[in-house]
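Since the structure comes first, as structure tokens, the remarks are kept for the end.
Read the figures in this text as sums done on the coordinates, not as results from a lab. Since the model is a prediction, treat every value here as computed from it, not as a measurement. Cβ coordinates were reconstructed from backbone atoms using ideal geometry, including for glycine residues, and neighbour counts include every protein chain displayed.
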Amino acid sequence: MRRRSSSTSGKRTSRMRNDSLGFDEFGFALSKKKTQKLQHRSHDYSYPQPNTVRVKELCELLSYWNGSSFICRNQIERFIRIGIPSALRGQVWKCLLDTDTLRVTSTFNYQKCLKEIRGPLVDLGVSEYSILSAIATLSETENEMGSSQGPPTPPEASVFSSSDVAVFRQIALDLQRSFPTHRSLMGDSAEAIEGQAKLFRVLTAYARYNPHTGYCQGMSYIAAVLLMNLTEEESFWALVALLERPKYLSGLFDHSLDKIQHQARVFHQLLKHRKPLLSQHMEDLGVSSLHYVMPWFLTLFTSLPCWDSVLAMWDVIMLQGLLAVFRVGLAIVQLLEPRLLQMADDALVLPTLLRVPVEVSQHCVLVPALWGTEVQEWEIDCMNNLVLEEASVGQHLPEKENCASTSQTKMEDEKKGTKGFAQAAAVEAKNPARKETGGVSKNVFTRMLRIARRYLGDVGRGQSVESKPSSSNPSPTVPLFPKARPSSLTRVQMRARKKSHRGSFQRSVAGRGRRAALPSQDSDGGVTQDGPEPAMKRRSSGPVGRVARRKSSCPPLRGKSWDLLQPHTGPVPFPNPSPPDPCTTTTPGASPCGEVSTKHHAPEDTNNISEDIRESQLI
């Protein structure tokens, strides 16, 4: 009797202490700054205060909410960016998760499941309202069932297997670890006892709902946050939606941990793509993404010290699913990047990532960084495919063979690169023209382009053909015709024979002598009639000359000189070897073949005119 009285008096004093403690607006116990650092909890919140007008608009939206409505979802996203009021957060989560439809369409009955579990547990001496005694009782029952080879001795325990008892014991142990400073789970108060019982029932019901997965560590944190904003049965269906749907956390809570390890590698690839320097720094320190991504993803960032930031992130996760989880993790790493780059020990990096500092996790800092960090679904798909390809390559090739092959290929590439560079340097040293243009180039492609340009320029200037300059003017800059000219002259002769009646006067005048001037022609190739002196017409190989030859019906002359066509009957004195550039002169009698181009051409000499006269004689 004395022991009982002492125990009851101890419970009363603990309840009085709990009642005397103050709690913040989210239900966490207020404490001194020293204990806040130990508990990693901050009560300085910076979330925006709700506006009455926006609250009314949100209530109207939720009244006619349809889970499949794209317009309503966009409007809720606008409210989430502004800030969801605490009183309406639970209703918003219900609408986003569509728990009512899941409950109606499912054959699972939550209340019936609780009755099926509660009876045998009571027969075992286990009650959800006395968690400490339930842990001891379940441990003894598990030991007895494990030690006995045959069926268990208690007849009432035949309903559960040893694995079920182990699950119940693990749930009871995690209840003491989940938010020990929150009002609904702290101490021996009536509210805390009821909150622990609700959490125990929700987790055991989910273990019965999904026996393949059962219970995994981390579910208690998610279920506890749901119970802080929803009722018991609503929290159960919200937990089912989060853990079963592919959009959210489907497959992450598995005893094999294959899915969560895969997602950690995907996040590592994403971080390597976005922050290569930080990723390389963490790899050099030996910090793996599994060390901090698994706690983040399995608890959905509930370890952050600022609870207003946690709820704001949960709003985004409810809206976007697993994509928002990647966004939150990337935003935290980006904010911690300057600190992490200065750390030279993994013993400093991991605690910083697992226990994010308060100044980084504040609502006014972390939430704007979250909305400023964009992660697209196609980007996650690309990283996912990259991880799968690396896994498949690693399965086919052993690690030693991979290392040997990569090192060998690197050595071969280096040898080839040095040989090629040495050869290129020798070629550049032999050619003095390349030294003048810019020295030895390190890029092979630029050298190839330079050679091609020089070759094309030589062909355009006619240097690829052997020239025979005359003794009177041995100028090397005279443009010569390529060797393929006879075929073109044959076509010109064929055209000239068909149109011989038009060019009879031209051929008669051209045959008088090498230094006779050519008569003028019209656009059709015939002789111009008596009248005013026509304007000079361009007969070159440029674009204007090609247009003129295309429009005219006379056989085009292949010479690159200008034809000074004037209507003189007698011999004309030889023109000036350096006449003025006709491209810069315009006359009112210009031909309708097109405007005269102002492009500069080199002055023609006697050799060019003699070549034109030879062509005309051949025609």
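A simple count of charges around residue 213, restricted to other residues whose Cβ falls under 12 Å of its Cβ and scoring Lys, Arg +1 and Asp, Glu -1, yields 0.
For residue 132 and residue 54, the difference between the fully extended length at 0.36 nm per residue and the C-alpha to C-alpha distance is 23.6 nm.
The Cβ shell under 13 Å around residue 365 holds other residues with a net charge of -3, Lys and Arg each +1, Asp and Glu each -1.
Straightening the chain between residue 212 and residue 280 buys 20.6 nm, computed as 0.36 nm per residue apart minus the Cα-Cα spacing. Between residue 254 and residue 346, the contour length at 0.36 nm per residue exceeds the alpha carbon distance by 30.3 nm. Spin-label pair residue 364-residue 139: with each label point 7 Å from Cα along the Cα-Cβ axis, the two points sit 4.7 nm from one another. Between residue 62 and residue 104, the simple label model (points 7 Å from Cα in the Cβ direction) yields a spacing of 1.9 nm. Between residue 391 and residue 245, the FRET efficiency from the beta-carbon distance, with R0 = 22 Å, is close to 0.30. Computed from the C-beta positions of residue 355 and residue 30, the FRET efficiency with R₀ = 25 Å rounds to 0.80. Can you bin the range 280-384 into rounded, prolate or oblate? Criterion: square roots of the alpha carbon gyration tensor eigenvalues sorted a ≥ b ≥ c, rounded for a/c under 1.5, prolate for a/b above b/c, oblate for the rest. Cα axes put the range 280-384 in the oblate bin.
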